[in-house]
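Notes for the one structure printed next.
The values are calculated or read from the model by the stated rules, or taken from the named source; none is laboratory data. All values derive from a computational prediction rather than experimental measurement. Virtual Cβ from ideal backbone geometry, glycine too; neighbours counted across all protein chains shown. Accessible surface areas use protein heavy atoms only, side chains included; no ligands, DNA or RNA. Shrake-Rupley method; radii C 1.70, N 1.55, O 1.52, S 1.80 Å.
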Amino acid sequence: MRVTKEQLKSLIKNKLHRAGLKEDHAEIAADVLVFADERGIHSHGAMRVEYYAERIAKGGINTNPDFNFKKTGPCTAVFHGDGGNGHAAAKMAMDEAINMAKENGVAIVGVRDISHSGAISYFTHQAAKENVLGFSVCQSDPMVVPFGGAEPYYGTNPIAFTAPSNDERMLTLDMATTVQAWGKILHARSKNELIPNTWAVDKNGEPTTNPFEVNALLPIAGPKGYGLAMMVDVLSGILLGLPFGNKVSSMYENLSEYRHLGQLHIVINPAFFTGLTEFKKNISNTMEDLNQIKSAPGFSKVLFPGENNDLVLAEYKEKGIDIVDEIYEYLISDTIHNNQYDHKNPFAK
Ligand code: NAI
């Protein structure tokens with residue numbers, strides 16, 4: 001099913017608002033989810049709405065949170081999310097970080113006690129649109145085996161980075177520290193597709209191609225991805241005094257309890273370093289260089305990081321955003337949720 005950006009945003013906003021989220025938070029959440037879908041990051045788009053709606057309806061997201069932003073130093077601050085919507089809290093915290101970095105050159109803002117915030121390049125794009133560099137990391141629920149381990153400890157702990165260029169294009173890295181994000185397993189389930197055997201293991205720790213048998217995900221590049229997940233957990237969990245490692249709350253259990261996830265935004269103002277004009281010019285130059293690199297057999301072109309998502313964005317602008325039919329049916333229905341996530345083992349069928 002193809003839908004326009006405006007249609008999708010309005011359907012998502014209405015559903016989340018009807019589930020109980022206040023209108024401005026539902027608006028931001030819808031914007032973050034559409035940002036993902038329109039770039040082909042379907043694992044973090046409309047597919048998540050029913051889960052959020054169930055969590056909101058059951059009281060697991062504070063619909064009237066006392067958001068509180070507290071500066072702790074000239075370049076540091078903590079945004080308290082009070083168990084509220086993660087998309088809204090992370091966006092507002094990034095707005096503050098951008099203002100601080102414009103003034104002081106750099107800002108580090110911790111966001112604490114929030115629910116899931118989605119595709120986190122939304123927030124680093126926010127920074128790049130304002131001519132500053134955005135970096136963000138966040139915790140996610142434990143579902144990844146540490147290198148050499150047979151049971152999960154860390155989450156898929158993503159890392160995002162965006163730099164502005166001379167035009168509206170941006171250089172972006174946005175990745176889970178696992179071979180694939182958990183949402184990709186959910187997406188494969190929703191489409192009834194097999195997954196490569198390098199993504200995840202079953203309950204015996206054996207690689208599996210069946211998305212319904214996944215018991216834990218594998219970190220990227222063995223000990224290196226494991227180390228990156230550790231770094232993300234230290235920066236967005238331990239640094240903010242939040243639960244860490246396998247004590248991070250599960251996305252799909254206890255849907256009536258607030259989550260206490262952490263996220264850390266780091267914003268750097270190029271004007272305080274090489275200068276904004278020089279910086280943006282060279283970001284454009286490096287994109288150009290990468291596009292000119294001779295491509296390997298099987299590849300038509302070398303894309304700069306994030307360009308794959310830009311290509312999807314351009315296609316969807318022309319043809320509409322491609323949404324799984326069942327998800328569209330749910331969005332246009334009167335149903336708030338089908339009670340399918342609460343106390344459900346995330347790895348069960
Ligand atoms: P991915 O594997 O699709 O892409 C990772 C990176 O590789 C992206 O920056 C992408 O632009 C780049 N890339 C992909 N193909 C490319 C190509 N041909 N040439 C150049 N660059 C290319 O992303 P992944 O790891 O599946 O993550 C998906 C989303 O999940 C992200 O938005 C992430 O923030 C989100 N996520 C959110 C979590 C949360 O708890 N909030 C947890 C885990 C992931």
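The number of residues in region 291-316 being in contact (Cβ under 8 Å) with a residue 12 or more places away in the chain, in a loop (DSSP other than H, G, I, E, B) and among the hydroxyl-bearing types (Ser, Thr, Tyr) comes to 0. Residues in region 199-212: is at least one among the aromatic types (Phe, Trp, Tyr) and either in a loop (DSSP other than H, G, I, E, B) or buried (at least 23 other Cβ atoms within 10 Å of the Cβ) (or both)? Looking for residues that are among the aromatic types (Phe, Trp, Tyr) and either in a loop (DSSP other than H, G, I, E, B) or buried (at least 23 other Cβ atoms within 10 Å of the Cβ) (or both), one finds at least one in region 199-212, hence yes. With the requirement that a residue be modelled with pLDDT under 95 and touching a His at 6+ places or on another chain (Cβ under 9 Å), what does region 157-183 give you? Within region 157-183, Ala181, Gly183 meet the criteria.
This table checks each residue for (1) touching a Lys or Arg at 6+ places or on another chain (Cβ under 9 Å); (2) under 27 Å from Met175 (Cβ atoms); (3) modelled with pLDDT of 95 or more.
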{"position": "Asn14", "(1), (2), (3)": "no, no, yes"}
{"position": "His25", "(1), (2), (3)": "no, yes, yes"}
{"position": "Arg39", "(1), (2), (3)": "no, yes, yes"}
{"position": "Ile56", "(1), (2), (3)": "no, no, yes"}
{"position": "Thr63", "(1), (2), (3)": "yes, no, yes"}
{"position": "Thr76", "(1), (2), (3)": "no, yes, yes"}
{"position": "Asn85", "(1), (2), (3)": "yes, yes, yes"}
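When residues in region 17-42 are screened for being in a helix (DSSP H, G or I), under 13 Å from Asn62 (Cα atoms) and aliphatic (A, V, I, L, M), 2 of them pass.
Here Ala93 passes the criteria (1) on the phi > 0 side of the Ramachandran plot; (2) away from the ligand (no atom under 12 Å from the Cβ); (3) not in a strand (DSSP E or B) except the one numbered (1). Candidates in region 161-187 are the residues that are of a type in the set (Asp, Glu) and farther than 25 Å from Phe147 by Cβ; of these, the one that is most open to solvent (accessible area, probe 1.4 Å) is Glu168. Scoring Ser190 on the criteria (1) within 16 Å of the ligand (Cβ to nearest atom); (2) crowded, with 21+ Cβ neighbours inside 10 Å; (3) at pLDDT below 95; (4) not aliphatic (A, V, I, L, M) leaves a single failure, condition (2). If you go through region 101-112 and keep only what is surrounded by fewer than 24 Cβ atoms within 10 Å (Cβ to Cβ) and hydrophobic (A, V, I, L, M, F, W, C), you end up with Val106, Ile108. Against the condition more than 17 Å from the chain's Cα centre (by Cα) and at pLDDT 95 or above, how does Pro243 come out, does it pass? It is true that Pro243 is more than 17 Å from the chain's Cα centre (by Cα) and at pLDDT 95 or above.
Evaluate region 107-128: report whether one residue or more is free of Cβ contacts under 8 Å to residues at least 60 places away in the same chain and among the aliphatic types (A, V, I, L, M). There is at least one residue in region 107-128 that is free of Cβ contacts under 8 Å to residues at least 60 places away in the same chain and among the aliphatic types (A, V, I, L, M). Number of residues in region 241-258 that are of a type outside the set (Ser, Thr, Tyr), farther than 13 Å from Lys58 by Cα and either open to solvent by 20 Å² or more (accessible area, probe 1.4 Å) or in a loop (DSSP other than H, G, I, E, B) (or both): the value is 8. I'd like to check something: does region 81-92 contain any residue that is more than 21 Å from Glu253 (Cα to Cα), surrounded by fewer than 24 Cβ atoms within 10 Å (Cβ to Cβ) and of a type in the set (A, V, I, L, M, F, W, C)? The answer is yes, given that some residue of region 81-92 is more than 21 Å from Glu253 (Cα to Cα), surrounded by fewer than 24 Cβ atoms within 10 Å (Cβ to Cβ) and of a type in the set (A, V, I, L, M, F, W, C). Of the residues making up region 134-186, those that are more than 11 Å from the ligand (Cβ to nearest atom), closer than 20 Å to Arg39 by Cα and touching a strand residue (DSSP E or B) at 6+ places or on another chain (Cβ under 9 Å) number 5. Got at least one residue in region 138-145 being open to solvent by 30 Å² or more (accessible area, probe 1.4 Å), of a type in the set (Ser, Thr, Tyr) and closer than 21 Å to His116 by Cβ? Within region 138-145 (the criterion being open to solvent by 30 Å² or more (accessible area, probe 1.4 Å), of a type in the set (Ser, Thr, Tyr) and closer than 21 Å to His116 by Cβ), the answer is no, since none of the residues qualifies. Of all the residues in region 55-69, those that are assigned to a helix (DSSP H, G or I), crowded, with 21+ Cβ neighbours inside 10 Å and touching a helix residue (DSSP H, G or I) at 6+ places or on another chain (Cβ under 8 Å) number 1.
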